[in-house]
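So the structure is just underneath, and the comments pick up after that.
The values are calculated or read from the model by the stated rules, or taken from the named source; none is laboratory data. Treat the numbers as computed from the prediction; the structure is a model and nothing was measured. Cβ sites come from the backbone with ideal geometry, for glycine too, and all protein chains shown count toward neighbours. Note: areas computed on protein heavy atoms with side chains; ligands, DNA, RNA excluded. Shrake-Rupley method; radii C 1.70, N 1.55, O 1.52, S 1.80 Å.
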Amino acid sequence: MQPNETRRPRARFLDVAPLLLAVIVVVAVVATLRASLAGPAGPAASPSVTASAVGTPPPVPTATAQAVATPAPATPTPIPPPLPAGLTNRTWVTRNEVEGIGYVAGTLDGRHHLVLPAGEFPLDASDGRVLSVRRGPVAASGFASSSTVIVRDVATGETVVAVDVPGDLGSGSGVLGADVAYVATGAADVPGVVSAIEAISLADGTVRDVVPAQDIGVDPIGSPPFNAPSRGPLALSPSGRTLGSCIFRNFLCDVQVVDLTKGVSRVAVRGLAGGLWLLSDEVLVTTVGEADTAAYEIATGKVLWMHAGARAESGGYIESDNTTLVQAFQDIAVAERVVATIDLRTGATRELLRVPRTEPYPDLWAGASNDRYAVLVSAGPLPAEALAGAGSLTADLLDLSTGKIERSALRVTIR
């Protein structure tokens, strides 16, 4: 509002005007600073809060003290890039220890991983689960009298089942089905006895014999300890309906096959100078000698095909249709690495990749591959060394229909 008087101010007022103006500016600045430090206006403070602001603070409730003492949450782990289109989010586990860390299981998309406790050894990983074993007390024979089989959820780390079974699974094997874990010890503590194959329910941990232990005696013309039988690694068909393993005596293998739908077992091939590698519901894929791969019909035991000089040293798997083998092998004649698809019934081969000996050999990572892509790594199948050093590794994708390679398309990480 303007004053009514419009007379000019007296000289004395002019003399003090600068001083008054300075005082007004200082007051305004102080008021502004107080307002900014006080923050936005809010409800009036309660008496206790007002008192604590100017006097001795009241005791802090326990819950509040815990909240104050809790450190701020860590920065969330960056979300890894999505899997390449067409690649299945498989579950993997290292077969050797990551230096300074241990055995690690995870998912291909990098969202989940866990480290197995010390003293546990991995047997298999599938469908978000990892199967491991811990040896029990060792008897006078040198064998553990029992083993603990553990299945864990990789995403949560929670134990699905943990079951004690007789025998030393430290030298045995195991495979995961959809709702069952199959395990078997390699050698029994009684010479002449072949260990049982046991099925452990993932729903309730109940254990049953798929194949009971068998006393088949030692080979009288063989030399100990190799004349005593032992059981080789288990192999499960892609459908989960057929299980197989070798019974070894004197380095020869009798391939025992179990029809899991009928609960019937039989020996499909006898006296094989090699071992069982993979199987479908109709065909066994075996290694023969040191450099050959062969297929046998389960129903008749007859040889379907043999690839001489094709040493299966770099992994392989059977596609979900149970008709096609994806194999990486060493072409012995020219010392070159080959990746090919093979018809299980006829042995017809379609070569997709050939790497000359002058270049680093890629290895086929069967556990990460699927019907569309074969996953190739350049430092061995899931090398623990790379995961320890960089926390990650990259892999190439080989398109099984076109033979085209997508370099470094997959990145696997444990961080």
Given (1) of a type outside the set (Gly, Ala, Ser); (2) over 30 Å from Ala268 (Cα atoms); (3) buried (at least 18 other Cβ atoms within 10 Å of the Cβ), index of the condition Leu344 fails: (2)
Strands (runs of 3 or more DSSP E) fully within segment 359-415 counting 1 or more residues that are open to solvent by 30 Å² or more (accessible area, probe 1.4 Å): 392-399, 405-413
Filter result (touching a helix residue (DSSP H, G or I) at 6+ places or on another chain (Cβ under 7 Å) and open to solvent by less than 60 Å² (accessible area, probe 1.4 Å)) within segment 97-108: Val98, Val104, Leu108
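Among the residues of segment 157-197, which ones are among the small types (Gly, Ala, Ser) and either on the phi > 0 side of the Ramachandran plot or in a loop (DSSP other than H, G, I, E, B) (or both)? Let's see the steps before the verdict.
Going residue by residue through segment 157-197, those that are among the small types (Gly, Ala, Ser) are 157, 162, 167, 170-174, 177-178, 181, 184, 186-188, 192, 195-196.
Gly157, Gly167, Gly172, Gly177, Ala178, Gly186, Ala187, Ala188, Gly192, Ser195, Ala196 - these are the residues of segment 157-197 that are among the small types (Gly, Ala, Ser) and either on the phi > 0 side of the Ramachandran plot or in a loop (DSSP other than H, G, I, E, B) (or both).
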Qualifying residues in segment 294-331 (those that are more than 10 Å from Val283 (Cα to Cα) and touching a Lys or Arg at 6+ places or on another chain (Cβ under 8 Å)) - the one surrounded by the most Cβ atoms within 10 Å (Cβ to Cβ): Ala328
Of residues in segment 146-156 being in a strand (DSSP E or B) and open to solvent by 20 Å² or more (accessible area, probe 1.4 Å), the one farthest from Gln256 (Cα to Cα): Asp153
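Can you say whether Pro137 is in contact with a strand residue (DSSP E or B) (Cβ under 7 Å, 6 or more places away or on another chain) and open to solvent by 40 Å² or more (accessible area, probe 1.4 Å), as far as the supplied structure shows? Reasoning before the result, please.
On the way: in contact with a strand residue (DSSP E or B) (Cβ under 7 Å, 6 or more places away or on another chain): yes; open to solvent by 40 Å² or more (accessible area, probe 1.4 Å): yes.
It is true that Pro137 is in contact with a strand residue (DSSP E or B) (Cβ under 7 Å, 6 or more places away or on another chain) and open to solvent by 40 Å² or more (accessible area, probe 1.4 Å).
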Residues located in segment 254-281, provided they are out of contact with any strand residue (DSSP E or B) (no Cβ under 7 Å at 6 or more places or on another chain) and in contact (Cβ under 8 Å) with a residue 40 or more places away in the chain: Gly263
Residue tally, condition part of a loop (DSSP other than H, G, I, E, B) and either out of contact with any Ser or Thr (no Cβ under 9 Å at 6 or more places or on another chain) or open to solvent by less than 40 Å² (accessible area, probe 1.4 Å) (or both), over segment 198-247: 24
Test result for Arg354, open to solvent by 80 Å² or more (accessible area, probe 1.4 Å), assigned to a strand (DSSP E or B) and free of Cβ contacts under 8 Å to residues at least 12 places away in the same chain: no
